[in-house]
Structure formats: structure tokens, C-alpha cells
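These notes concern the structure reproduced below.
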Amino acid sequence: MSTQKNSPNIYDNLVVGEQLAHLEYIVTPELLEEYQEVVGYTEAFYPHIAAKEYIEVIKRKHAGTLPVISAKHKDEYYAPPPVGKRIQVTGWVKDKYERRGRNWLVVETFAVDEDGREIVRSEHSFLMGGVK
């Protein structure tokens, strides 16, 4: 379980379709090398996974504390992020619903490089508020 900084009523305040924060970072040789070392795969090219962009876009928009459990994710990879290029990430609330008395949130993100080439599109489902 990961505790993220968000408002106390973050789930109630989120609106389907709501644009979340914008992130930017540069894929440096050091970042890529560190990611490859951590995952134990020297040919890994997608360090965004380690950055947990899908949580960062929520965390940067809202303040407070909120426990979340990542329940499901789906990624579509289009091109490896070029080393030395700025990567821009945006995200939005794709869906939210209640099931069996628990709140669920679906966040979609996509990343493009500074030339506008799409890198990855992700969809993540979270159990909000942790386990009761």
C-alpha cells in the first residue's frame, strides 16, 4: 500500500474527465542506467514505470494524505523514450465507481517526447482509501 499526498476527501472531489497535473522530466543516461540496474534488465527502456507517473499526476494536484492500492494497470508502449529528450506526461480521471462498499478510481496517462512522439499510454485502477 502506498500513502500519497491528497486532500482528505480526494475521491469525492475528483470528477470523471478531470485533467490532472502535468509532469516533465528528461531521460538522462544516468536515469536509464539506474532503472535498468534496479529491474535487472539491461535492455529496459521505459523508466517511467519507476516514476509511478499515474500516482504523481494526482499527488501534484491535490494535498493531504490518502492510502491507495494499485489494483490493475494496462500499458501500451509506442516508442522508447529517447535519452536526452524531455518527456511530458499528462493524466486525467477516466472513471470512478463504488463496488462492494469500496471506492475505485481509474486514471489514464500518456507521455510524449518533446518532438510530440507518443511514448506510452497507461490506464491504472486504484482501490481508494486502502482496505477497511
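The values are calculated or read from the model by the stated rules, or taken from the named source; none is laboratory data. Please read these numbers as outputs of a predicted model, since none were measured by experiment.
General observations
- Unique residue being over 10 Å from the mean Cα position of the chain (by Cα) and modelled with pLDDT under 90 when the list is K96, K61, K74: K61
- Positions within the range 24-51 being modelled with pLDDT under 85 and under 15 Å from the mean Cα position of the chain (by Cα), in sequence order: Y46, P47, H48, I49, A50, A51
- Considered as a group, the residues in the range 6-23 that are over 14 Å from the mean Cα position of the chain (by Cα) and at pLDDT below 85 include one that is farthest from H62 (Cα to Cα), and that residue is D12.
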